[in-house]
Amino acid sequence: MEKTVSEAIQYRRSVRVYKNDQELDTAKVRQCIENAVLAPTSSNLQLWEFYHVVDRDMLGKMTIACLGQNAAKTAKQLVVIVARKDLWRKRAAANTEFLMKVIGDKPKSQYTKREKFALGYYSKVIPSIYVEFFGILGWLRYAIFAIIGLFRPVYRQVRNSDLRIVAHKSAGLAAQNFMISMAGIGYDTCPMEGSDTRRIKKILKLPWSSEITMVIGCGIRDPKGVYGDRFRIPFNDVYKKV
Ligand SMILES: Cc1cc2nc3c(=O)[nH]c(=O)nc-3n(C[C@H](O)[C@H](O)[C@H](O)COP(=O)(O)O)c2cc1C
């Protein structure tokens, strides 16, 4: 039986050694990736892709790119979470298409305020934030917003570097959805950022504009694969009630 959310969160550990004699059901891992895409995402742009590595040769290549880490070497499968900020136009267009379907066939004059706002959001606001020219437009936006921000609250994550973080934030949420879903069915994972991301991109034939958020090792835990007791900073040191 699948674990409750709290049980899955408790069960999840970063597992660095997986049982060699226990395979994963690829369809079940895929189902966990389907849960991953249900994570919330900035502006619902879904600037991500998920590479589910099951092929033995590919796993071998990926292990080298993951610097030979045990969590990759002993993994039965790997899931690579890729941030695709570069796909913003395509994703904005997909949102617009979805909205148009929901709105249905009616004259523009009959659009509700919310419908007009939503369409304008993807056709005007998103391009005004995401359009870039060698990072220059981002800095220009940043300066303009900083000046406006002297007088009223404004959105400030408008530089290229800010938007890269925005994409990785959402991709990180998807990664957590995935790992908790895996834990829910008794499968184990280990998120890894210790990797040669350039090599990973080459192995997966990804464009230079994509970015690796993390590689996740997947398998069934070997008891020696949990390297120690869970350590967390005392809760009261990180919890601030205001
Ligand atoms: C973004 C990210 C990158 C990580 N990279 C690695 C890694 O490269 N290798 C590794 O063994 N563990 C890696 N970890 C796992 C952490 O070391 C682990 O989550 C932490 O020690 C807490 O342990 P727990 O996950 O068992 O609670 C990473 C975790 C995160 C969230």
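Only the coordinates and a few stated rules stand behind these numbers; no lab work does. Note that this is a predicted model, so its numbers are computed, not measured. Positions of Cβ are backbone-derived with ideal geometry, glycine not excepted, and every protein chain shown enters the neighbour counts.
Taking a temperature of 20 °C and a viscosity of 1.002 mPa s, what whole-number D in µm²/s does Stokes-Einstein yield for the chain with Rh from Kirkwood over alpha carbon pairs?
Details: Rh = 20.3 Å.
Reported coefficient: 106 µm²/s.
Among residues other than A8 whose Cβ falls under 12 Å from its Cβ, what is the net charge (Lys/Arg +1, Asp/Glu -1)? Please list the in-between numbers first.
Numbers: positive: K3, R12, R13; negative: E2, E7, D188.
The answer is 0.
As a check on your grasp of the helix formula, calculate [θ] at 222 nm for the chain: sum -39500 (n - 2.57) over DSSP H runs of n ≥ 4, divide by the residue count, round to the nearest 500. Working shown, then result.
Numbers: 11 runs with 110 residues, N = 242.
It comes out at -13500 deg cm²/dmol, rounded to the nearest 500.
Just to confirm the filter: which chymotrypsin sites (Phe, Trp or Tyr not before Pro) across the range 132-215 are DSSP coil and have at most 13 other Cβ within 10 angstrom of their Cβ? Intermediate values should be presented prior to the final figure.
On the way: sites: F133, F134, W139, Y142, F145, F151, Y155, F178, Y187, W208; in loops: F133, F134, F151, Y155, Y187, W208.
Of the chymotrypsin sites (Phe, Trp or Tyr not before Pro), the ones in loops of the range 132-215 whose Cβ has at most 13 other Cβ atoms within 10 Å are F133, F134, F151, Y155, W208.
As a footprinting exposure proxy, order Y11, Y239 by other Cβ within 10 Å, with the fewest listed first. All intermediate terms of the calculation are to be shown ahead of the outcome.
Details: Y11 16, Y239 7.
Going from sparsest to densest Cβ surroundings: Y239, Y11.
Counting Lys +1, Arg +1, Asp -1, Glu -1, what net charge surrounds E211 among other residues with beta carbon under 13 Å of its beta carbon? Walk me through the numbers before you get to the answer.
Numbers: positive: R84, K85, R164, K169, R198, K201; negative: E49, D86, E193.
For residues surrounding E211, the net value is +3.
Within the chain, what is the longest stretch that has no trypsin sites (Lys or Arg not before Pro) placed in a DSSP loop and near at most 11 other beta-carbon atoms within 10 Å? Present the calculation step by step, with values, prior to reporting the outcome.
Working: sites that count: K205, R230, R232, K240, K241.
For trypsin sites (Lys or Arg not before Pro) (loop position, at most 11 other Cβ atoms within 10 Å), the longest site-free span of the chain is 1-204.
Within a Cβ distance under 12 Å of D86, other residues only, what is the Lys/Arg minus Asp/Glu net charge?
Numbers: positive: R84, K85, R89, K90, R91, R164; negative: E49, E132, E211.
Around D86, the charge tally is +3.
Can you give the Rg and Dmax of the range 93-152 based on its C-alpha atoms, in angstrom?
For the range 93-152, the Cα-based Rg and Dmax read 15.4, 43 Å.
State the Cα centre-to-centre distance between the range 1-20 and the range 142-195 in whole Å.
Between the Cα centres of the range 1-20 and the range 142-195 lies a distance of 24 Å.
Kindly provide the GluC sites (Glu not before Pro) of the range 20-77 that DSSP labels as loop, not H, G, I, E or B, and whose Cβ sees at most 12 other Cβ atoms within 10 Å. Kindly include the intermediate steps, with their values, before the conclusion.
Numbers: sites: E23, E34, E49; in loops: E23.
Of the GluC sites (Glu not before Pro), the ones in loops of the range 20-77 whose Cβ has at most 12 other Cβ atoms within 10 Å are E23.
Based on the alpha-carbon gyration tensor of the range 13-76, what equivalent-ellipsoid semi-axes (square roots of 5 times the eigenvalues) come out, in whole Å, largest first?
Working: eigenvalues 126, 43, 27 Å².
Ellipsoid half-lengths, sorted descending, are 25, 15, 12 Å.
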